[in-house]
Amino acid sequence: GCMKLVLACPTYGPTEPIANIALRVAIMQSAASGHTWVGDASPNRVGWETARNNIVQSVINDTGRYPDDTAIFWCDSDVILQADAITRLADRNLDFVCGIYFQRHSPHMPSIATFNGKAFHWIMKWPDNVLAPIDGCGFGVVLTSLGMLRKMEAPWFQFEKFSEDFDFCLKAKKAGYQLYTDTAVLCGHLADPKPAGFEDFKRENPVFFGG
């Protein structure tokens with residue numbers, strides 16, 4: 001079905017045209033697929049924790065304009081989306097689903113992880129094109145429902161043990177939500193001098209990819 005979407009694109013500094021263009025293309029494709037954009041809650045340049053909490057705060061109380069089935073699409077301004085990234089995530093119609101992007105610096109770890117009660121472990125191998133349960137992720141390309149956010153308490157994003165985004169994931173799980181990743185959504189991550197992506201990750205981890 002059609003999802004109502006709010007854009008949330010935090011940024012630290014100047015953004016690159018390649019990332020801006022990819023975001024616009026992905027937004028347009030999702031709109032052409034029937035998803036409806038109902039707001040933009042992107043913050044001005046502030047720290048990650050503040051930015052993410054401000055985003056939630058700015059939409060949480062307006063239940064008339066943003067019912068519970070509205071989702072915030074979180075996209076960091078340095079993530080390069082594939083054209084169908086938003087469409088695929090919104091089509092899933094879940095409370096929490098993310099794509100995968102890769103850390104800029106070698107080793108280019110993927111942004112998804114499991115949690116064993118003490119620590120997060122990067123998920124290094126996944127089946128193609130599936131919806132897979134995870135315990136945590138970076139927030140570079142994520143969809144969260146407002147219904148879920150309204151059931152959680154402020155501050156939603158707070159650096160406690162790991163990072164503001166991974167700590168959020170633990171809170172969401174504690175609130176009874178299952179987190180998922182769509183393994184077909186593989187995005188790039190801007191870096192100097194060139195972006196990091198799935199190919200870099202595969203090249204550095206031949207043991208997982210038959211190299």
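The values are calculated or read from the model by the stated rules, or taken from the named source; none is laboratory data. Nothing here was measured: the structure is a model prediction, and the numbers come from that model. As a convention, Cβ positions derive from the backbone with ideal geometry for all residues, glycine included, and neighbour counts pool all protein chains shown. For accessibility, only protein heavy atoms count, side chains too; no ligands or nucleic acids. Shrake-Rupley method; radii C 1.70, N 1.55, O 1.52, S 1.80 Å.
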One residue from VAL56, VAL97, VAL38 being touching a residue at least 24 places away in the same chain (Cβ under 8 Å), open to solvent by less than 10 Å² (accessible area, probe 1.4 Å) and either over 22 Å from LYS161 (Cβ atoms) or touching a His at 6+ places or on another chain (Cβ under 6 Å) (or both): VAL97
Taking region 130-161 on its own, how many of its residues are more than 24 Å from ALA41 (Cβ to Cβ) and at pLDDT below 95? 1
Mind counting the residues in region 64-86 that are open to solvent by 10 Å² or more (accessible area, probe 1.4 Å) and either within 14 Å of MET148 (Cβ to Cβ) or touching a Ser or Thr at 6+ places or on another chain (Cβ under 9 Å) (or both)? 8
Could you figure out which of (1) touching a helix residue (DSSP H, G or I) at 6+ places or on another chain (Cβ under 6 Å); (2) open to solvent by 60 Å² or more (accessible area, probe 1.4 Å); (3) touching a residue at least 60 places away in the same chain (Cβ under 8 Å) isn't true of PHE102? (2)
Would you be able to tell me the number of residues in region 144-166 that are in a helix (DSSP H, G or I) and over 15 Å from VAL59 (Cβ atoms)? 3
Would you call ALA31 aliphatic (A, V, I, L, M) and in contact with a strand residue (DSSP E or B) (Cβ under 7 Å, 6 or more places away or on another chain)? yes
Counting just the residues of region 154-175 that are open to solvent by 60 Å² or more (accessible area, probe 1.4 Å) and free of Cβ contacts under 8 Å to residues at least 12 places away in the same chain, which one comes out nearest to LEU131 (Cα to Cα)? LYS174
Filtering region 119-153 down to residues that are hydrophobic (A, V, I, L, M, F, W, C), surrounded by 16 or more Cβ atoms within 10 Å (Cβ to Cβ) and in contact (Cβ under 8 Å) with a residue 60 or more places away in the chain yields PHE139, VAL141, VAL142, LEU143, LEU146, LEU149
All positions within region 1-16 that are open to solvent by less than 20 Å² (accessible area, probe 1.4 Å) and in contact with a Pro (Cβ under 9 Å, 6 or more places away or on another chain): ALA8, PRO10
Please enumerate the residues belonging to region 176-189 that are open to solvent by less than 20 Å² (accessible area, probe 1.4 Å) and among the small types (Gly, Ala, Ser). GLY188
Restricted to region 17-35, and to residues that are farther than 15 Å from CYS187 by Cα and open to solvent by 20 Å² or more (accessible area, probe 1.4 Å), which residue is modelled with the lowest pLDDT? PRO17
